[in-house]
1. To the nearest 0.05, how large is the calculated FRET efficiency for I141 and D215 if R₀ is 35 Å and r is the Cβ-Cβ distance?
2. Return the subset of K40/K174; K87/K153; K243/K314; K95/K266 for which the Cα-Cα distance in this structure is over 31 Å, preserving the input order.
3. Can you tell me the FRET efficiency between E131 and Q64 if r is taken as the Cβ-Cβ distance and R0 is 30 Å, rounded to the nearest 0.05?
4. I'd like the antiparallel share, as a percent to the nearest 5, of DSSP beta bridges with both residues in the chain.
5. Can you tell me the orientation of helix 78-87 relative to the chain, as the angle in degrees between its alpha-carbon axis and the longest Cα principal axis, to the nearest 10?
6. How high is the FRET efficiency from R328 to D80, r the C-beta distance, R0 51 Å, rounded to 0.05?
7. Suppose a student asked you for the relative contact order of the chain, using Cα pairs under 8 Å spaced at least 6 residues apart; what percent would you report?
8. How many nm is it between the label spots at N55 and A300, if each spot is 7 Å from the Cα in line with the beta carbon?
Amino acid sequence: MSFDAIIIGGGAAGLFCAAEAGKRGRHILVIERNAQVARKILISGGGRCNFTNLNVSAENFVSQNSHFAKSALARYSPQDFIELVKKHKIAFYEKKLGQLFCRESSRQIVDMLLAECRDGRVKILTSCLVESVEPSGTRFIVSTDQGTFDAEKLVVATGGLSFAKVGATDLGYKVAKQFGLKTVQTRPSLVPLVLEGGNFSELAGVSIDSRISADGVSFRENILFTHRGLSGPATLQISNYWKRDRPMTIDLMPDIDARELLEANKESRKRIGNLISNQIPAKAANFLFDREGDAQPLAAYSPKQIEAAVARLKDWKVKFKDTEGYDRAEVTLGGVSTDELSSRSMEAKKVPGSYFIGEVVDVTGWLGGYNFQWAWASGHAAAESI
């Protein structure tokens with residue numbers, strides 16, 4: 001039961017790495033703990049899999065080393081994966097902001113990866129639990145509940161902790177620790193956030209086109225109020241940059257000069273909430289301006305009150321006390337430190353022959369196909385080396 005390489009994890013990165021290495025004539029075993037591979041792919045993109053983004057660059061990723069992803073991303077581009085999708089005659093479309101989706105089903109991407117693995121004569125074991133991983137001389141011994149296997153190379157593609165319901169575990173981090181590799185603290189990301197202070201439950205379901213900013217980064221998409229805080233694309237994006245006790249700012253009217261709007265209506269007998277309900281949902285407008293003093297007409301406002309109203313609309317300071325957790329998170333932020341890995345091959349410097357790829361590594365992409373492209377690129381980088 002010997003192989004050239006054993007890949008632990010049959011998700012996007014693991015399957016793609018296996019297929020690419022198989023094409024090179026390598027004898028590959030993929031071990032997957034679930035009864036089916038690629039469960040996260042199947043549920044991604046609302047069942048249509050946002051498999052890449054046309055605008056990928058290293059700037060779209062969060063890592064303690066902002067340069068680490070450049071090498072792998074440069075050597076396997078979105079266009080390379082698109083060519084593979086076209087080869088398998090999978091219809092796709094651009095939804096927005098460079099995001100590419102299958103026209104029919106995420107299942108097509110999984111079937112494509114499995115077909116590529118078959119072409120490379122890759123062996124895949126499902127419902128297979130890893131019990132131990134041990135370096136032994138120049139090889140690695142992987143013991144499972146279906147037998148013991150050995151290989152010259154070991155690839156850890158176990159993903160992160162998000163979506164435990166589809167089989168997420170901390171196995172990859174445990175292997176890294178066993179090998180003496182540093183890890184960056186993990187937390188849920190691309191995830192709804194829980195607001196600190198105030199009761200916003202009456203706004204649950206209200207969506208506003210906004211710009212949300214933190215640490216010099218901003219995203220312009222919808223925010224969506226929940227019973228506990230905020231969700232929606234803009235919130236998920238900024239969650240990559242969330243830090244506890246650090247406020248974020250929200251511009252609720254990004255295309256409108258709020259000061260100019262209020263000044264133009266400074267003689268109005270309307271309340272501010274009523275006046276701006278043409279610009280943002282009335283429920284949100286009235287909620288934001290229901291404080292004592294807001295009941296007066298705009299004409300009664302002092303210049304100082306006008307400035308405060310403008311700040312509430314264009315520079316609303318919010319604090320989030322927590323995320324909604326791994327069960328609501330699309331990805332895991334943090335992971336195996338990039339200091340421990342070769343950016344060209346993803347090989348662990350301290351343990352030659354071992355590789356870490358995909359979400360288990362401290363490289364986290366924005367929402368919109370970036371994390372899949374990292375899976376393909378990092379998987380390809382390792383496959384070229386094994």
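1. Computed FRET efficiency for I141 and D215 comes out at 0.20.
2. K95/K266
3. 0.45
4. Antiparallel: roughly 75 percent of the beta bridges in the chain.
5. 60
6. It comes out at approximately 0.95.
7. Relative contact order comes out at 25 percent.
8. Each label point is offset 7 Å from its Cα along the Cβ direction, giving 4.6 nm.
None of the figures in this text is laboratory data; all of them are computed from the coordinates on show. These figures come from a predicted structure and were not determined experimentally. All Cβ positions, even for glycine, are placed from backbone atoms using ideal geometry, and neighbour counts span all protein chains on display.
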